[in-house]
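Quick notes on the structure that follows.
The values are calculated or read from the model by the stated rules, or taken from the named source; none is laboratory data. Predicted model only: the values in this text are computed from it and were never measured. Quick reminder, even Gly has a Cβ in these numbers, built from the backbone with ideal geometry, and neighbours come from all protein chains shown.
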Amino acid sequence: MQASFHTRRRWPVILLAPLGLACESAEVKQCLKEYEHAQAIVLKVDAGASDSVGQSLKSVEAALATCKKAERHREVAELVSAKNQLTAQLSALEKKAARRKKRKAKPEELAALEKQGDPQCPKGQAYRHKDLGKEIRCTGPQIADMSWAQAKAYFSGRNYALQTSDSPATLKAEYGSERFVFEYAAANDAAPPRCLTLYPAPGVPWDEATARATGAAPDKLKRDRPIKAERGELPLRVEEAPNKLIVRIGNCTG
């Protein structure tokens, strides 16, 4: 039997009703318990409120982790689907809120931007400002050196979908098949990440992806050799196989 439900504003999330708990292991029982809890929260979600969507997403992610351990494939599939919908909705709400906050820069702000550069993007890069019609140089930290707040602001301003978790303190930024995963000592850490894991877009080689994140010259990079960054040498590990490329920068345990 299926139990389906719809959030407000005609935005659907569908989860199947779990089977009974009789004769099941403790792991399976916990999975089904968290699954039902997540379902109850999603039933009440307001698709137009980021707090409500975020709470639903957390409950779904918690149930998903438990059900993966219990190897409950049906529940996992339904939770993954719900997670994807909630993540997309939360991203859309955050982008909408950011657009509302955006205001036209004052003439003195534009003059300062042209003269001093933009600290909101990595040093060594540049972009053409649509209002000034001129190229603006970037003066901010490299991606691999960004604090939690800096990384969040940088990627949200570029329409990346963001996800955060507390244990470990992780900030994920995703756009299509490209993904950045920052691991910090604590959530909202003002220090650079302990580890940055890159999942480059198809066709982007490891050295180019690494250079974009660190500011290092691609021709100076060597696979699995430390990178000379502004805050010192950072370990580099490249995992490459057909249809798979992962770059880890920093003290990564994965």
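For the reader, a short list of remarks on this structure follows.
- Exactly one residue out of Val76, Val53 is aliphatic (A, V, I, L, M), surrounded by fewer than 22 Cβ atoms within 10 Å (Cβ to Cβ) and either outside the structural domain of Tyr160 (by TED's automatic domain parsing) or under 21 Å from the mean Cα position of the chain (by Cα) (or both), and it is Val76.
- Residue selected from the stretch 206-221 under the condition touching a residue at least 12 places away in the same chain (Cβ under 8 Å) and part of a loop (DSSP other than H, G, I, E, B), by the criterion nearest to Lys172 (Cα to Cα): Gly215
- Residue within the stretch 223-241 that is assigned by TED's automatic domain parsing to the domain that holds Phe180, within 17 Å of Gly124 (Cα to Cα) and modelled with pLDDT of 90 or more present: yes
- Qualifying residue in the stretch 59-73 (condition: free of Cβ contacts under 8 Å to residues at least 60 places away in the same chain and more than 21 Å from Ala26 (Cα to Cα)): no
- So Val181, is it in the same structural domain as Ile246 (by TED's automatic domain parsing), at negative phi and part of a loop (DSSP other than H, G, I, E, B): no
Yes/no per residue for (1) surrounded by fewer than 13 Cβ atoms within 10 Å (Cβ to Cβ); (2) at negative phi:
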| position | (1), (2) |
| --- | --- |
| Ala186 | yes, yes |
| Pro192 | no, yes |
| Gly203 | yes, no |
| Ala216 | no, yes |
| Asp224 | yes, no |
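- The set of residues from the stretch 145-167 being modelled with pLDDT under 90 and more than 19 Å from Glu61 (Cβ to Cβ) comprises Ser156, Gly157, Arg158, Asn159.
- No other residue among Leu57, Leu32 is hydrophobic (A, V, I, L, M, F, W, C) and over 20 Å from Tyr175 (Cβ atoms) apart from Leu32.
- Selection count, the stretch 21-54, where residues are closer than 25 Å to Glu71 by Cα and hydroxyl-bearing (Ser, Thr, Tyr): 2
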